[in-house]
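First comes the structure, then the notes that go with it.
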Amino acid sequence: MRVTVAADADYEEASATRDFSITYLTVPQEAYSLNGTEGTKGWYRSEVTLTPAEGYTVATSLNGTYEARLIYNDYTDGVVIYLKNADGQMTDAITVGAVKIDKTAPDGDVKLAGNSVKEAFDEIDFGLFFNKNLDVEIVATDEESGVAKIEYFKSDKVLTEEEVAAITAWTTTESNFSITATDGEKFVCYVRITDTAGNVICFGAKGATFDLTALAISGIQNGGTYCLSQSVTVTDDNLVSVTVNGTEMTEETFTLAVNEGTTYTIVATDIAGNVTEYTVTMKTVENLGESIADLTTGNVTSDNKNTVEEVKEVVETVDAANATETEKAALKEIADKCDELLQKIEEAAAACKTENIVKVDQITSDNVTPDDKENLVAAKEDLQNALEQYDGNLTSAEKAAIESKIASIDNALDAIDKAENPEGLSGGAIAGIVIGSVLGALLIAYGVCALLYKKKLISGAFFEKIYPFIKD
Ligand SMILES: [Ca+2]
Ligand SMILES: [Ca+2]
């Protein structure tokens, strides 16, 4: 420091210089403390009081106003303080940094199956329906201290805001989770989001119900054929629409009219998206017998069996409770015709498979024995009989099979014949040769004996009788 005194009448100007130093007061060990409602990571969710160490006052500038404490209401960055003791000695700047205050609750949303369904507490009801496992996404945001925790609670009933605040059984989630579908289960998904400062927001989603039950359609069978008007009823807890051939029905019970050959497709849908679809055909009684109109017992074959059986099935299962006597008689006539045709088909099949025919089924010209002959002949007769009697009831393939069997039997019979006559000679010829040979031998013996008798090499009454012409 330099001090200069200006000259006056008595003295000349004079000056003197002296060096000295100023030092700050030593900063106490715990210079200050911050007090407020604290969250995590140094965040507060209330006003924060900065209190200097005991015996000091505090200011935010060296020459500012020193006070007993500083109050912060909002997030304040770059805070620097100075402390002053009772003697008026002051510290150098002390860096506090940011006073981190976040008084704002986080925000968020909840999505079920991708759709935002956040709802005010007093407006929650069970207005949503799902028919499969449900993906839940919770969106959480916080612009100040940031999101610290996301939790949810699945309630089976609507809760008040106070009840939600009292929930203790929260489940922590990252943001996405799935709820397994259970038929009939109702639930409300409540959400709690906490920011780093500890601010909390709770909210709920629209209530949801799982409906895994398909819609019931009564009065008709899917795939059925009817020849009378049918009253149809669709039943479901959450029925939303019924269409018949694309036309929306206004009632759950409606009538399908008989229109010749009309096909009706009934589509019933519930709120959860379950769909039941039935298709039925309406035919008049006359229509029912159309496909067998050209068939008679004289021309029906196994190729027609399915068609006849289908008609019989339809005729027998058709709901005839309200049919007129004429309609009932017509139905019976068709059913009787079906029975006759089916019986004829069976008869023709049986004629091709008699006991005799079955017996020789495995016999071929290679394994045949003479014992089989009788059976083979009987089987052949039966097969020829079948061809004659059921000419109109056998398909060309069936006829060809019979003819092939007959040919096979003929081969087997030939084989027996050959085995019995190895040289190829007939029985009569063989008998002739045998008889001829015996006679020849006897003749030779007779001659030889005659010679011996004449030369008296043999004798006796027997020879006298057979050789009366040889005398002594
Ligand atoms: Ca916040
Ligand atoms: Ca349902």
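Coordinate-derived values only; no laboratory data. Fair warning: this is a prediction, and the values are worked out from it, not measured in the lab. Note that we place each Cβ from the backbone using ideal geometry, even for glycine, and neighbour counts take in every protein chain shown.
Worth a mention:
- Binned Cα-Cα distance frequencies in the stretch 42-81 - 10 Å width, integer %: 27, 54, 19, 0
- Built amide H within the under 5 Å cut-off of residue 39, gap 5+: 44, 45
- Rounded Å value of the spacing that divides the Cα centres of the stretch 71-92 and the stretch 117-195: 46 Å
- For the stretch 176-189, 3J(HN,Hα) per residue [Karplus equation, 6.51 cos²θ - 1.76 cosθ + 1.60, θ = phi - 60°, Hz, x = Gly/Pro]: 10, 7, 10, 10, 6, 6, 10, 3, x, 6, 10, 7, 10, 9
- Local net charge near residue 51, Cβ-Cβ under 12 Å (Lys/Arg +1, Asp/Glu -1): -2
- The phi torsions of the stretch 242-249, fed into the Karplus equation with coefficients 6.51, -1.76 and 1.60 and a -60° offset, translate into couplings of 9, 10, 10, 6, x, 8, 5, 8 Hz, rounded to whole numbers, with Gly and Pro shown as x.
- With both labels modelled 7 Å from their Cα along Cα-to-Cβ, the residue 452 to residue 7 distance reads 21.0 nm.
- Within the straight-line cut-off of under 16 Å between alpha carbons, the lysines reachable from residue 455 are 471, sequence neighbours fewer than 8 places apart in one chain being disregarded.
- Nearest-0.05 FRET efficiency for residue 87 and residue 15, computed from C-beta distance (R0 35 Å): 0.60
- Pairs of lysines in the stretch 286-355 whose Cα atoms sit within less than 16 Å of one another amount to 8, provided the residues are eight or more positions apart or on different chains.
- The alpha carbon centroids of the stretch 201-241 and the stretch 441-469 are separated by 119 Å.
- The label point for residue 291 and the one for residue 123, both projected 7 Å from the Cα toward the Cβ, are 5.8 nm apart.
- Computed over Cα pairs, the Kirkwood radius of the stretch 286-351 leads via Stokes-Einstein (1.567 mPa s, 4 °C) to a diffusion coefficient of 106 µm² per second.
- Under Karplus coefficients 6.51, -1.76 and 1.60, residue-wise ³J(HN,Hα) of the stretch 37-46 in Hz, glycine/proline x: 7, 9, x, 10, 6, x, 9, 10, 10, 9
- Reciprocal of mean inverse Cα separation for the chain (Kirkwood radius, Å): 36.7 Å
- If you look at the Cα atoms of the stretch 32-100, you get an Rg and a Dmax of 12.1, 38 Å.
- The amide H of residue 110, built 1.01 Å from its N in the peptide plane, has 117, 118, 139 as neighbours under 5 Å, considering only residues 5 or more places off or on other chains.
- Distance histogram for the stretch 188-328 (every C-alpha pair counted, 10 angstrom bins, percent rounded to whole numbers): 10, 29, 22, 15, 10, 6, 5, 3, 1, 0
- Summarising the amide proton neighbourhood of residue 226: residues at separation of 5 or more, or on other chains, whose placed amide H is nearer than 5 Å comprise 281, 282, 283.
- The stretch 58-139: Cα Rg divided by the 2.2 N^0.38 Å rule of thumb: 2.19
- Placing R0 at 56 angstrom, the Cβ-Cβ distance between residue 420 and residue 461 gives a FRET efficiency of 0.80 after rounding to 0.05.
- If you take all other residues with their beta carbon under 10 Å from the beta carbon of residue 173, and give Lys and Arg +1 and Asp and Glu -1, the sum is -2.
- Helix-derived mean residue ellipticity, 222 nm - over the chain, DSSP H n ≥ 4, -39500 (n - 2.57), to 500: -9000 deg cm²/dmol
- Here the stretch 107-210 yields Rg over Rh of 0.95, to two decimals, using C-alpha coordinates and the Kirkwood radius.
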